[in-house]
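**Student:** Supplied in structure tokens, the structure appears directly below.
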Amino acid sequence: MKHSFYLLAVIIMCLSCGQDYIPKPKGYLRLEYPEAQYKNTNIDVPFSFEANNLASKIKYKKLKSTKESYGINIEYPTLKGTIFLTYKAIDGDSVTLTEYLKDAQKFTLEHTIKADEIPVFPYENKKRKVYGVFSEVKGNVASPAQFYVTDSVKHFLVGSLYFYAKPNYDSILPAANYLKKDMVQIMESLHWE
């Protein structure tokens with residue numbers, strides 16, 4: 001009787017072992033944002049653009065410089081992010097367009113250390129004289145998107161997106177995709193004064 005009990009226990013243990021336990025992967029919240037509604041900005045700078053109504057604050061200030069330059073922050077507190085714009089007037093005597101372009105491209109290339117990929121999309125609107133590049137920086141980087149636009153004569157504008165959190169590409173991706181569309185809207189609606 002004792003032997004049959006042990007035999008039954010061994011059979012049950014052998015049959016009870018099925019699949020190996022696999023832990024569940026980390027999950028992230030599904031974030032959905034309202035459809036973007038854009039309005040024209042009314043700030044005292046030498047250009048205008050359309051900004052998303054979701055942006056709660058648009059701050060701007062004249063930067064300390066000998067030439068005309070401005071810093072504009074478009075803040076999205078609900079997304080914990082900000083689009084930073086820097087405008088610089090092109091002054092053929094002291095600073096050239098080539099120097100501004102090198103600085104903007106260098107800023108994007110500094111992200112190659114952490115970036116998985118940096119697709120670049122040229123932009124051109126001959127009617128409004130807006131020419132530039134939009135760069136999407138994929139990976140755990142500080143700024144997942146940047147752009148620059150110019151009229152090639154008087155105006156130069158650089159934009160970059162930052163979040164108030166440590167970069168984790170998977171968790172900020174929905175907010176980053178939403179704000180990238182706003183950056184593209186800024187480029188496409190830009191009018192020089």
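**Student:** Listed residues 143, 135; which is at pLDDT 85 or above, surrounded by 12 or more Cβ atoms within 10 Å (Cβ to Cβ) and either hydrophobic (A, V, I, L, M, F, W, C) or out of contact with any Leu (no Cβ under 8 Å at 6 or more places or on another chain) (or both)? I'd like the intermediate steps shown before the answer.
**Tutor:** Details: 143 fails: either hydrophobic (A, V, I, L, M, F, W, C) or out of contact with any Leu (no Cβ under 8 Å at 6 or more places or on another chain) (or both).
Residue meeting the stated conditions: 135.
**Student:** Those residues that are of a type outside the set (D, E, K, R) and surrounded by 20 or more Cβ atoms within 10 Å (Cβ to Cβ), I need them from the range 159-193; list them, please. Before you say what the answer is, go through the steps one by one.
**Tutor:** Taking the range 159-193 and keeping what is of a type outside the set (D, E, K, R), we get 159-165, 167-169, 171-179, 183-187, 189-192.
Within the range 159-193, 159, 160, 161, 163, 172, 175, 176, 179, 183, 186, 187, 190 qualify.
A quick yes/no check of all residues on (1) over 23 Å from residue 58 (Cα atoms); (2) at pLDDT 90 or above:
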{"residue": "76", "(1), (2)": "no, yes"}
{"residue": "82", "(1), (2)": "no, yes"}
{"residue": "104", "(1), (2)": "no, no"}
{"residue": "116", "(1), (2)": "yes, no"}
{"residue": "119", "(1), (2)": "yes, yes"}
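**Student:** Right, another one. Residue check: is residue 72 at pLDDT below 90, of a type in the set (A, V, I, L, M) and in a strand (DSSP E or B)?
**Tutor:** Working: at pLDDT below 90: no; of a type in the set (A, V, I, L, M): yes; in a strand (DSSP E or B): yes.
Criteria not met by residue 72.
**Student:** Could you tell me which of the residues 60, 76, 33 is over 16 Å from the mean Cα position of the chain (by Cα) and of a type in the set (Phe, Trp, Tyr)?
**Tutor:** On the way: 76 fails: over 16 Å from the mean Cα position of the chain (by Cα); 33 fails: over 16 Å from the mean Cα position of the chain (by Cα).
So the residue among 60, 76, 33 that is over 16 Å from the mean Cα position of the chain (by Cα) and of a type in the set (Phe, Trp, Tyr) is 60.
**Student:** Next up: Go through (1) in a strand (DSSP E or B); (2) more than 23 Å from residue 143 (Cβ to Cβ); (3) not aliphatic (A, V, I, L, M) and name the single condition residue 32 misses.
**Tutor:** For residue 32, the failing item is (1).
**Student:** Something else about it: On the given criteria, is residue 88 part of a strand (DSSP E or B), in contact with an Asp or Glu (Cβ under 9 Å, 6 or more places away or on another chain), at pLDDT 75 or above and within 17 Å of residue 148 (Cα to Cα)? Lay out the reasoning, then the answer.
**Tutor:** Working: part of a strand (DSSP E or B): yes; in contact with an Asp or Glu (Cβ under 9 Å, 6 or more places away or on another chain): yes; at pLDDT 75 or above: yes; within 17 Å of residue 148 (Cα to Cα): yes.
The answer is yes for residue 88.
**Student:** Can you name the residue in the range 40-55 that is among the polar types (S, T, N, Q) and surrounded by 18 or more Cβ atoms within 10 Å (Cβ to Cβ) and is also modelled with the highest pLDDT among such residues? If you could, list the steps in order and put the result at the bottom.
**Tutor:** Looking only at the range 40-55, we keep the residues that are among the polar types (S, T, N, Q), and these are 40-42, 48, 52-53.
Subset that is surrounded by 18 or more Cβ atoms within 10 Å (Cβ to Cβ): 41, 52.
Working: 41: 90, 52: 95.
Ranking the candidates gives 52 first.
**Student:** For the list (1) without any contact (Cβ under 8 Å) to a residue 24 or more places away in the chain; (2) hydrophobic (A, V, I, L, M, F, W, C); (3) buried (at least 17 other Cβ atoms within 10 Å of the Cβ), I need the number of the one condition that residue 85 fails.
**Tutor:** (1)
**Student:** Can you list the strands (runs of 3 or more DSSP E) found entirely within the range 91-187 that contain at least 1 residues being charged (D, E, K, R)? Outline the logic, then answer.
**Tutor:** Values: elements: 115-117, 120-125, 130-136, 145-150, 155-163.
Where strands (runs of 3 or more DSSP E) fall fully within the range 91-187 and carry at least 1 residues being charged (D, E, K, R), they are 115-117, 120-125, 130-136.
**Student:** Is it fair to say residue 51 is touching a residue at least 24 places away in the same chain (Cβ under 8 Å) and either acidic (Asp, Glu) or outside any strand (DSSP E or B) (or both)? Don't jump to the end; show me each part of the working.
**Tutor:** On the way: touching a residue at least 24 places away in the same chain (Cβ under 8 Å): yes; either acidic (Asp, Glu) or outside any strand (DSSP E or B) (or both): no.
Answer is no for this residue.
The values are calculated or read from the model by the stated rules, or taken from the named source; none is laboratory data. Just so we're clear, the structure is a prediction, and the values are computed from it rather than from any experiment. Because the Cβ atoms are built from the backbone with ideal geometry, glycine has one as well, and the counts that use them run over all protein chains shown.
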